[in-house]
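Quick notes on the structure that follows.
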Amino acid sequence: MKIQVHNWQHKANNLISALTRMGVEIVKDKPDIYIIDFDGAVPYYTSKIEKAFQSGAEIVIYSHGAPVIVAWDRVWEPDARVKLFLAQSEGEKAVMESYGYPHPIEVIGWHYCRKKKFKPVKNIKNILFAPWHPSGSGYLVPLGKKVNADTFDKLRSMPFNLEVMYIGDIRQNGLNFSNDVTFTASKKDVNFSLPIIDKADLVVTNLSTVASLAVARGKPMVAYGQDIKPHDGSSEDNISYVKNWDKYRDMLRYPYDISNLKPKASQYLVEHAALHEATEWRDKFIGDPLDADKLIAVLENILIEED
């Protein structure tokens, strides 16, 4: 079995390692199966999928982001050529099924990083804040900028060291540089983010890949912005919102959220979250580690069905 993998932001590192250990030949061209992270109608992805499909490959999608991508909830049209989606968790599968994702979904386990057990933090010293980031065009909806700024102000009022790991121009995030805060420009890469997450005592972010990485690494995590309807778009004129949010918003919701709290109450919640793991959410949206045997089995089954 020959497999080609599009390793977006090193999120497929462990997939590739598992496939290699299981004797799969990883190729750069003419695969039996092409595993890619997204199938949105943008030239970057459509050209790669078209090339693989025309060479005879079966198309399989893995998680572009975590905890779950809701872009296929009538924001982006799923590509009809896709045979299978590889979910990392039962929660991811349940959310996608709730909004009507059309392709088969198999849960293969968490593979973005090695999981670690939760470690309560009695004395918080360092908080990592990863704000809701703008799109590739630099656009972020005004409400996104507002909740970023509000959360930043709350965190600055707390007696902890604050590091901000941001994407794009800091002003496009709705923030400004401050001498009392450490600012780190993200390289949008799992290998870059993990050491920064690991050195923090607690992470504050929107419900994003950074949030899932933090939970997977056993870090206390506090969310914000969960009441903003999921959307996508590169400017004010082309924003599209998901259509079935009411079916999964409660399912997806993380229990510790400071969005509607005043600064002092936010600090109390941060200190509580530092000591108490969100176990149910972690079990649902991180779950078990990658099952290499199941990964191989579901991929082999695709080829068997075609024969």
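Read the figures in this text as sums done on the coordinates, not as results from a lab. This structure is a prediction, so every number in the text was calculated from the model and none was measured. All Cβ positions, glycine included, derive from the backbone under ideal geometry; neighbour counts span all protein chains shown.
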Listed by chain and number, the aspartates and glutamates with an alpha carbon less than 13 angstrom from that of K117, same-chain partners under 8 positions apart left out, are D198, E277, D283, D288
Just tell me, in residue order, which DSSP H segments of the chain are both 20 angstrom or longer along the helix axis (alpha-carbon based) and at least 0.5 in mean Kyte-Doolittle hydropathy. 292-306
Enter the Cα centre distance for the pair segment 1-22 and segment 212-255, rounded to the nearest angstrom. 27
Read phi for every residue in segment 157-165 and hand back ³J(HN,Hα) as whole Hz from Karplus 6.51 cos²θ - 1.76 cosθ + 1.60, θ = phi - 60°, with x for Gly and Pro. 7, 8, x, 10, 6, 10, 10, 10, 9
I'm a student and want to see the number: the projected area of the Cα convex hull of segment 266-307, averaged over all directions, in nm². 4.6
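Fewest Cβ neighbours within 10 Å first, please rank S55, S235 accordingly.
S235, S55
Only Cα pairs under 8 Å and at least 6 apart count here; give the relative contact order of segment 126-285 as a rounded whole percent.
On the way: 251 pairs, mean separation 38.8, N = 160.
It rounds to 24 percent for segment 126-285.
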Cut-off is 10 Å between beta-carbons; in what order do H276, H231 appear when sorted fewest neighbours first? H276, H231
If R0 = 22 Å, then K125 and A149, at their Cβ-Cβ distance, give a FRET efficiency to the nearest 0.05 of 0.35
Taking the chain and dividing mean pair separation by its residue count, relative contact order in percent (alpha carbons under 8 Å, at least six apart): 21
Calculated FRET value between S55 and K187, using beta carbons and R₀ = 35 Å, to 0.05: 0.65
Cβ crowding within 10 Å averaged over residues, with 135-142, 82-89 ranked highest first: 82-89, 135-142
Can you list the lysines whose alpha carbon is less than 23 Å from that of K93, not counting same-chain residues fewer than 8 positions off? K11, K83, K115, K116, K229, K243, K247, K284, K294
Per-residue ellipticity at 222 nm for the chain, helices alone: DSSP H runs ≥ 4 residues times -39500 (n - 2.57), over residue total, nearest 500 deg cm²/dmol? -10000 deg cm²/dmol
Between the alpha-carbon centers of segment 82-100 and segment 113-160, tell me the distance in whole angstrom. 27
Counted charge near K115, where neighbours are those whose Cβ lies closer than 11 Å (Asp, Glu -1; Lys, Arg +1): +4
Between H272 and K247, what is the spin-label point distance in nm, taking each point 7 Å from the Cα along the Cα→C-beta axis? 3.2
Under 17 Å from the 7 Å Cα→Cβ point of I26, by amide nitrogen: which residues of segment 108-123? 111-114
